[in-house]
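Just below is one structure, and these are the notes that go with it.
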């Protein structure tokens, strides 16, 4: 019996020597690499204006095993990045429209003109050619439309014995501009009255007058313009209508 016990002890020791006292599991972390993906085109740089948070992926030398310098582990960090500007939010380069008229370049509301005038008055009673002075004041309340007031005074040699001819015509009405650049063609239509001397037996010295005509201005600078024009004068004197002509040439000042 003692021999059997001894054999069992010997077998137990032999098995103990073969089996290790404890098992050790060794895991080796494979090196992890991170390959960033680049955008296929520049259009991917523009994102929605709302801008969702971006996931920032960086590859750091975080060693899984302190003894293995080739082991890397990617680190992930979520941070709200500022949204990139969208194409719609970029300011568009719109060129400013160029002024089409000289008035739009130098928008001055008032215009005062002084000009030499030649009035050729014709009637069944007498006729006269009288040089004189024409003055007008114009207010431009739009670039092509204005309101004008005008007056012309003229004098001529005697038409009767010791009776000089004197003419005063005045009126007001709209003035229209058709200008482009420095050249400014215009037209106007004025309604007013006329005063004539000498007195005749056919009627009084005052009557009705309509002035219709046009001309052209040339802008010397933004203030001074040279002007010229021709007008039809329709007057009602001595109980009848007269058709006369007026020619003007002078300067105009804008302010």
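Being in a strand (DSSP E or B), in contact with a strand residue (DSSP E or B) (Cβ under 6 Å, 6 or more places away or on another chain), closer than 18 Å to residue 207 by Cβ and at pLDDT below 95 holds for only one residue in 156, 151, and it is 156. For residue 154, state whether it is without any contact (Cβ under 8 Å) to a residue 40 or more places away in the chain and more than 39 Å from the chain's Cα centre (by Cα). It is true that residue 154 is without any contact (Cβ under 8 Å) to a residue 40 or more places away in the chain and more than 39 Å from the chain's Cα centre (by Cα). Taking first residues from the stretch 233-244 that are at positive phi and at pLDDT below 95 and partners that are surrounded by fewer than 18 Cβ atoms within 10 Å (Cβ to Cβ) and not in a strand (DSSP E or B), the Cβ contacts under 6 Å between residues at least 6 apart in sequence or on separate chains come to 238/125; 238/202. Within the stretch 109-146, no residue satisfies the criterion of being under 26 Å from residue 239 (Cα atoms) and within 38 Å of the chain's Cα centre (by Cα).
Out of 181, 193, 169, one residue alone is in contact with a strand residue (DSSP E or B) (Cβ under 9 Å, 6 or more places away or on another chain) and without any contact (Cβ under 8 Å) to a residue 60 or more places away in the chain. It is 193.
Would you confirm whether or not the stretch 197-216 contains a residue that is over 15 Å from residue 117 (Cβ atoms), surrounded by 14 or more Cβ atoms within 10 Å (Cβ to Cβ) and under 30 Å from the mean Cα position of the chain (by Cα)? The answer is yes; a qualifying residue exists. The one condition from (1) modelled with pLDDT of 95 or more; (2) in a loop (DSSP other than H, G, I, E, B) that residue 170 does not meet is (2). Residues in the stretch 179-216 that are part of a strand (DSSP E or B) and in contact with a helix residue (DSSP H, G or I) (Cβ under 9 Å, 6 or more places away or on another chain) were compared, and the one that is modelled with the lowest pLDDT is 180.
The values are calculated or read from the model by the stated rules, or taken from the named source; none is laboratory data. If you're wondering where the values come from, they're calculated on a predicted model, not measured in any experiment. Reconstructed Cβ throughout: ideal geometry from the backbone, glycine too, with neighbour counts over all protein chains shown.
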